[in-house]
Amino acid sequence: MAEKSYKYVIVGGGVAAGYAAREFVKQGLKAGELAIFSAEKVAPYERPALSKGYLAPEGAARLPGFHVCVGSGGDKQPPEWYAEKGIDLHLNTQVSMVDVQQKSLTSLAGVSYRFSILILATGSTFTKLSESGVPGADARGIYYLRVIDEADALVAAMKAKKDGAAVVVGGGYIGMELAACLCLNGLKVTMVYPKPFCMPRLFTADLASFYEGYYEGKGITILKGPKTTGFEIDATGHVKAVKLDDGSVVPADIVVVGVGAKPLVGLLHGQVVEDKGGFKVDGFFRTSAPHVYVVGDLAAFPLKMFCDIRRVEHVDHARKSGIHAVQAIKAAEEGKTIPEYDYLPYFYSRAFELSWQFYGDNVGEGITWGREGACAAKSKFGTYWVKDGKIMGAFLEGGTPEENKMMANVAKAQPCVGSNDELCAAGLSFAAKFH
């Protein structure tokens, strides 16, 4: 049987793929031109929901409610949407090989397909403790979270172990959000991380102290400094405790691990130029092979505002890079040009009653304002990062949509500032100038 051919192929079924598909349709896609190959069993969905609303004890988010593109205010794209648009959505289909030169791919089942243009959007996966040789790390009752099947397993575990003890290994994004969810579901939560404070890739020590204090006020125990060295396992092979390098042992009915992510580079490894742990692309997400594009977590792209090459692992970039790549592809076909990708780094999180947003780059000195007396929900405070007399990044807790937009604008403008004391005293009013 002849190999099936597509004009466009997207490998990966996450957020970037869903938004790219929508953009193809907007650009006048014809039936049969596009195929999406996804290892997941469901159509692309807004992944952030898995560590937030999906784990809520009441009114939990469920599909089809959070298929893309609802995260940006768009319409849901359930499986029938792809069929209606003439897009072949290959679910439960893992691609095992891509041949860039031959413009072909092969699924794990051994079926081959050909393409004219490829967009790789496979993203990242979690780092497992077993990869570092941590004894007992493959025991039952130890959970990671990346896809919906893993979220379902965690939901079932929380119900089965309600009122039990949960240990969260890691103090980053996933650790902070999952610790809140476990607590809200009635478990007694302990967080363990080796760093001196939570979220060290973004937070200053002062920022972290607020969130750690807030979590402790919710009854969460935080153990900072010790490393996880192993797990105690019962006779059934289920985890029963976490062992730390300071000699302590923390009882656990559930363990959730969030110690980092690694980009899934295997399909194109050695075939296109690599950089920053991913694949080097231009301002249109085109790789060194002109018919191959890489978006989302895997793309090492020119971050124009900082004159740097960066990889960004966040849903906002996944959405926007998928859209931009399709716009670039269609423009090139028509002999037109579009502006290069000009991205403002953006990160956010929601946990308990808290909600923060960050824009720009956290380099230079962090100037925190409004922090004094901020100890409860509905607190409003922020941080500006200043380097060489210019604002490089802006963070706001508890902001309104209008206030968050002001912080984005000030981070994009990178204005010069006077003294740090004056900036601290001005607080949010400084950003108001850029409304």
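The values are calculated or read from the model by the stated rules, or taken from the named source; none is laboratory data. Worth saying up front: this structure is predicted, and the values here are computed from it rather than measured. Cβ: placed from backbone, ideal geometry, glycine included. Neighbour counts: every protein chain shown. Side chains are part of the model used for accessible areas, which takes the heavy atoms of the whole protein and leaves out ligands, DNA and RNA. Shrake-Rupley method; radii C 1.70, N 1.55, O 1.52, S 1.80 Å.
Using 0.36 nm per residue and subtracting the Cα-Cα separation, the extra length available between Ala235 and Ala31 on full extension is 67.9 nm.
Using R0 = 60 Å, the C-beta based FRET efficiency linking Lys162 and Lys336 works out to 0.55.
Rounded, prolate or oblate: which one fits region 156-217, using the alpha carbon gyration tensor with axes a ≥ b ≥ c (rounded when a/c is under 1.5, else prolate when a/b beats b/c, else oblate)? Taking the square roots of the gyration eigenvalues as a ≥ b ≥ c, region 156-217 is prolate. Only one residue of Gly370, Val417, His314 has its Cα farthest out toward the positive end of the dipole of region 281-433, where Lys and Arg carry +1 and Asp and Glu -1 on Cβ, and that residue is His314. Heavy-atom accessible area, probed at 1.4 angstrom with all protein chains present, ranks Leu63, Leu202 as Leu63, Leu202, highest first.
The H on the amide N of Met392, modeled in the peptide plane, is under 5 Å from the matching H of Trp385, Val386, Lys387, each at least 5 residues off or on a different chain. What the phi angles of region 169-180 give under the Karplus curve with 6.51, -1.76 and 1.60, with θ = phi - 60°, is a coupling list of 9, x, x, x, 3, 5, x, 5, 5, 6, 4, 5 Hz, glycine and proline written as x.
Accessible area of Cys424 (1.4 Å probe, protein heavy atoms only, ligands and nucleic acids ignored): about 60 Å².
A dipole drawn for region 47-176 from +1 and -1 charges on Cβ atoms has a positive end, and of Gly175, Val147, Thr122 the residue lying farthest that way is Gly175.
Accessible surface for Asp206 stands near 70 Å², nearest 10, in the context of the full protein assembly shown (1.4 Å probe).
Take the alpha carbon gyration tensor of region 191-308, find the square roots of its eigenvalues, order them as a ≥ b ≥ c, and report rounded if a/c is under 1.5; if not, report prolate when a/b exceeds b/c, else oblate. Cα axes put region 191-308 in the oblate bin. When the alpha carbon coordinates of the chain are projected onto the principal axes, the ranges are 64, 64, 39 Å, largest first.
The alpha-carbon of Lys336 sits under 13 angstrom from the alpha-carbon of none of the aspartates and glutamates, leaving out residues fewer than 8 places away in its chain.
For a straight C-alpha distance cut-off of 20 angstrom, the lysines reachable from Lys276 (same-chain residues fewer than eight places away being disregarded) are Lys262, Lys304, Lys320. Placing unit charges on each Cβ (+1 for Lys and Arg, -1 for Asp and Glu) gives the chain a dipole about its Cα centre, and among Ala156, Leu428, Gln27 the Cα reaching farthest toward its positive end belongs to Gln27.
Is there a quick way to get the dipole size of region 105-255? I mean about its Cα centre, with the Cβ of Lys and Arg at +1 and of Asp and Glu at -1; what is the value in debye to the nearest 20? For this selection, approximately 180 debye.
Rolling a 1.4 Å probe over the heavy atoms of the protein chains gives the chain an accessible area of 43 Å² per residue.
When nucleic acids and ligands are ignored and a 1.4 Å probe is applied, Leu55 ends up with an accessible area of around 0 Å².
Classified by the C-alpha gyration tensor, region 1-119 has a prolate form. Its axis ratio a/c, with a ≥ b ≥ c, is 1.5 or above, and a/b is larger than b/c. Rolling a 1.4 angstrom probe over the chain with all protein chains present gives an accessible area of which 51% lies on carbon and sulfur atoms.
Only lysines eight or more places from Lys52 in sequence, or on another chain, were considered; none has a Cα closer than 16 Å. Basic side chains Lys and Arg get +1 at the Cβ, acidic Asp and Glu get -1 at the Cβ, and with that the dipole of the chain about its Cα centre reaches some 480 debye. Legend: residue pairs Lys161/Lys240; Lys195/Lys224; Lys387/Lys412; Lys4/Lys26; Lys280/Lys390, Cα-Cα distance threshold 18 Å; pairs beyond threshold, Lys4/Lys26; Lys280/Lys390.
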